[in-house]
Amino acid sequence: MWFYFESLCGEQQLRFQLLWVKPQTEGLPVQFWSSGSIRSGVYPSSMAKWGEGDPRWIVEERADATNVNNWHWTERDVTAWSSDRLRQLLLGVRVEGSEGVCEVTEVSRLDGEASINNRKGKLFFFYEFQLRANWLGTSCSGLKYRGTIDVPNLSDENDEDDLDISVCLCKDQPSTPLLDLMKRSGGKEVRRVLGQYVRDLKSDFSQGMILPTADGQKPSTPVASKKNQVKTSKTQVSSDAKRSSSPATCPTGVRIQTCSFSLRETFQTSADELYRTFINQEFVQVFTRSAATVDARRGGKFLLLDGSVSGEFTELVPDQRIEMRWRFRTWPSEHCATIRLELVDRGDETELELEARGVPAGEEETTREGWRRFYLQAIKQTFGY
């Protein structure tokens, strides 16, 4: 029988008959095969004989043989996810005042990168972006004005309050009180959503970077150092900030706290036309303004918004009902919510009733607003419904 020994110095094999451990291996993590499963533990100061049950063996059963005790460096590139999430959050910025309404209409520049690293059970977050967004203001009299928002220093070295946010009008635009509204309220909202991106990155997307132990718990890690301490271009967070059970397949989901919500919207079109808008790939690509894959049949898959949204159709009743398993990329691995769309024909208009079940509790508002903005309002604005 063979032991598999893993250390920072490399890999070596030790025969089962070996009863004592060399001094330089004491206290290091070890993995070995026993009784049909892989176990992991820590070498004691001396090796006990097999079967004696010596308490010096600290052993846990694992379903895998990967990165025992989270000792080794692992890295995940989250640049693509970060770009999608930042665009989604920024496109939701909208402020109102006595001067009128201002909203972000486009993210015209998003340069940078982001990654998550795990070392000895600690998570380190690296991100650095420069971004520019375009905004549109509409005065109370209906006049429209355009401007830009620049953020040159979104990075792990800067806190939310340290971000430089510059708001201005386009060169060909006349002076308007809407600029003050956007600087005052719009800048504050942009700062908030950029902070939300960082929180999402740390709480949601770091899942799987630190392996759970046998009882389903993750090893704790020190919290991040405060701002007045020496900066090291990285942020540490406690790995037990978000715990979840092992992921299952999409049909069953994972054990997390969920919630439900409903929406209702009226469209100035027929039920069959609205039904086709939701399931026709060409229509979906038009109103989402991005590439999409839609297989409109029971059990058919769909992929929207450059891969940010995915799922599967579970029921399709032409012109009446669409039911699907639906998920956003940042949700716990393989977890899907159930979305049910009921179309009620009112003659010259159609009423849509949306019911969402199984949405992760912390994602309710984001999911609700996402459906309202990127589905319902987008369809109305694109097709004039």
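Some points to look at:
- Here the residues Thr314, Thr79, ranked from fewest to most Cβ neighbours within 10 Å of their Cβ, fall in the order Thr79, Thr314.
- Relative frequency of Cα-Cα separations exceeding 24 Å in the range 74-203, percent: 32
- Tensor-based shape of the range 257-318 (alpha-carbon gyration tensor, a/c under 1.5 rounded, otherwise prolate or oblate): rounded
- The peptide list 339-347, 83-91, put in order of mean Cβ contacts within 10 Å with the highest first, becomes 83-91, 339-347.
No lab work stands behind these numbers, since they all come straight from the coordinates. Just so it is clear, the model here is predicted, and its values are computed rather than measured. Virtual Cβ from ideal backbone geometry, glycine too; neighbours counted across all protein chains shown.
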